[in-house]
Amino acid sequence: MPNKKALSIRFKSLWTDIKESIAGSDRDFTSDSIGKALLILSIPMVLEMIMESIFAVVDIFFVSKLGANAVATVGITESSMTIVYAIGMGLSTATTALVARRIGEKKSEKAGMAAFQAIVAGFSVSLLITVPGIIYAKEFLLLMGASEEMAEAGYLYPAIMFGGNSVIMLLFIINAVFRSSGDAAVSMRVLLMANLFNIILDPLLIFGIGPFPELGLMGAAIATTIGRGLAVCYQFYLLFKGHKRIRLELHHVRIKLKVMFKLFRLSAGGILQYIIATSSWIALFRIISELGADVLAGYTIAIRVVVFALLPSWGLSNAASTLVGQNLGAKQPDRAERTVWITAFTNMVLLGLIGLIFAVFPEPFIRIFIDVPAVVESGAKSLQIISYGFVFYAFGMVLVQGFNGSGDTVTPTKINLFCFWLFEIPLAYLLAIVLDMNIEGICIAIVAAESALTLTAWYFFRKGKWKLTKV
């Protein structure tokens, strides 16, 4: 009986923490137990990442009904949209480091000031991408290896996605503001709203259901942009009218050059870090395009499945990043380090189990999206091989986010440069093209590079210099 009673108490306590996590919490995460702080922060962050990944999965699910060329066009566009994501994530990394550190120092006024500078920076950068993205959409597809037929039929998809990149940028940055202040549940609800609009609008605009026009591939881009745009409007409402840990007032709405300079200094490393990582995916897509549309389509679907699996783990990693920043601000570096180790081992167990399922049963996950035998074969093969490295991915992503949360964006940048551009890309070309291993060679190179990244990050993280980073 005592054991049952104790178990019942623990279950009730866990359920209370889960409800608090989803509803939003006012806790001081620098004084709670690490496990409780991680649980309350990570649950909405994991759900947020799932919401983000649903965008990609929903789009590819409906677009796959239009054929392999349409899927390949989305794959090429998304591989290059990762540059936009890289800039957004780099700015988000800097925003997280600044806001979390100020919150840990109990300086909410300065946190609000940093948040506004990040928003201005993100919107300004997005304008530099909008115009060329619209004008050169068709040329971009041709450059990336698309056929003339694919480029002519699908160029409006990248034109709209690049043209509306500001909503992606702002969505990333403002969610980072909420997340790093400890309001992770808000970020989750924002993406839930965006996804609901996208799920509703995708089939209506792609297939022309009811009074809606049949826009095909272009409809997917419009649906996604509208969904994200409405979510950004909701974010601004919460920032100025809500009652959250961080709130913008009219006196925040001005440029502070000192804060802006610090933001750009931190984000430069973050942006370069993510550009190095994500641009390597563009190079991989360029190599894969030499293997044919079916292989490219299969790989595109496999990567979407992988992203869906990895993004919850990114949620855990983001929780660790926030806690590292807040604990360093509260002058608790050892607690910050313990947070990273606990998160990393938890993430390894979670992602390792998912990887095992993908390794044993890869084909059903590809058939959810398409039933073309050649596409299914290459997609299943890609998913199976990439899943072998899930345990390494899980450990490495937490270590990297630990660096980022401390404000040390330089170390992960150097690691990414070596592992992706100096190791992964040459190895992928050697195995896939020179040794004629095709898609298997590409996937083996991905696993090898991610494993090298994890081992390198582990070595530098243990040295502990990140604890001394000033932001």
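Bridgeable aspartates and glutamates around Lys12 (alpha carbons under 17 Å apart, same-chain partners fewer than 8 residues away excluded): Glu20. Look at where the Cα atoms of the range 214-255 and of the range 298-360 average out, and the two centres are 26 Å apart. 3J(HN,Hα) along the range 377-389, derived from phi through the Karplus expression 6.51 cos²θ - 1.76 cosθ + 1.60 where θ = phi - 60°, amounts to 4, 5, x, 5, 5, 4, 4, 5, 5, 5, 5, 4, x Hz, with x in place of Gly and Pro.
Compute the longest continuous run of the chain that contains no exposed GluC sites (Glu not before Pro); treat a site as exposed when its DSSP state is not H, G, I, E or B and it has at most 12 other Cβ atoms within 10 Å. Present the calculation step by step, with values, prior to reporting the outcome.
Numbers: sites that count: Glu214, Glu249.
Answer from the scan: 250-471.
The share of Cα pairs per 5 Å bin across the range 363-436, counted from zero up to the longest distance, runs 3, 13, 13, 17, 17, 15, 12, 7, 3, 0 percent. This model, with +1 at the C-beta of Lys and Arg and -1 at the C-beta of Asp and Glu, gives the chain a dipole about its Cα centre of some 2760 debye. Could you give log10 I(q)/I(0) at q = 0.08, 0.13 Å⁻¹ for the chain, computed by the Debye formula over C-alpha point scatterers of equal weight, without solvent? Debye output, listed in q order: -0.45, -1.23. For the range 342-471, a crude dipole built from +1 on the beta carbon of Lys and Arg and -1 on the beta carbon of Asp and Glu, taken about the Cα centre, is about 840 debye to the nearest 20. Straight-line reach from Lys107: taking Cα to Cα under 18 Å and skipping same-chain neighbours fewer than 8 places apart, the aspartates and glutamates in range are Asp26, Asp28, Asp183, Glu249.
Near Met51, once Lys and Arg are set to +1 and Asp and Glu to -1 for all other residues with Cβ below 12 Å from its Cβ, the sum equals 0. The distance separating the Cα centre of the range 80-98 from that of the range 157-184 comes to 9 Å. Rounded, prolate or oblate: which one fits the range 142-230, using the alpha carbon gyration tensor with axes a ≥ b ≥ c (rounded when a/c is under 1.5, else prolate when a/b beats b/c, else oblate)? Here the range 142-230 falls in the oblate category. For Lys138, the lysines whose Cα falls under 28 Å of its own Cα, not counting residues fewer than eight places away in the same chain, are Lys65.
For the pair Phe212 and Ser124, a Förster radius of 25 Å applied to the C-beta separation gives a FRET efficiency near 0.15, rounded to the nearest 0.05. The 3J(HN,Hα) values that the Karplus relation (6.51, -1.76, 1.60; θ = phi - 60°) gives for the range 124-137 are, in residue order, 4, 5, 4, 5, 6, 9, 4, 5, x, x, 6, 5, 10, 4 Hz. Gly and Pro appear as x.
I'd like the per residue volume of the convex hull spanned by the Cα atoms of the range 325-461, given in cubic angstrom.
It comes to 110 Å³ per residue, whole-number rounded.
Other residues lying with their Cβ under 12 Å from the Cβ of Leu310 contribute a combined charge of -1, Lys and Arg counting +1, Asp and Glu -1. The HN-Hα couplings worked out from phi for the range 410-415 by the Karplus form 6.51 cos²θ - 1.76 cosθ + 1.60 (θ = phi - 60°) are 6, 4, x, 4, 5, 5 Hz, whole numbers, x standing for Gly and Pro.
Panel note: the C-alpha atoms of the range 54-142, placed on their principal axes, show extents of 54, 28, 13 Å (largest first).
Values quoted throughout were computed directly from the atomic coordinates according to the rules given, and no laboratory measurement underlies them. Quick caveat: nothing in here was measured; it's all calculated off a predicted structure. Every residue, glycine as well, gets a Cβ built from its backbone with ideal geometry; the counts of neighbours run over all protein chains shown.
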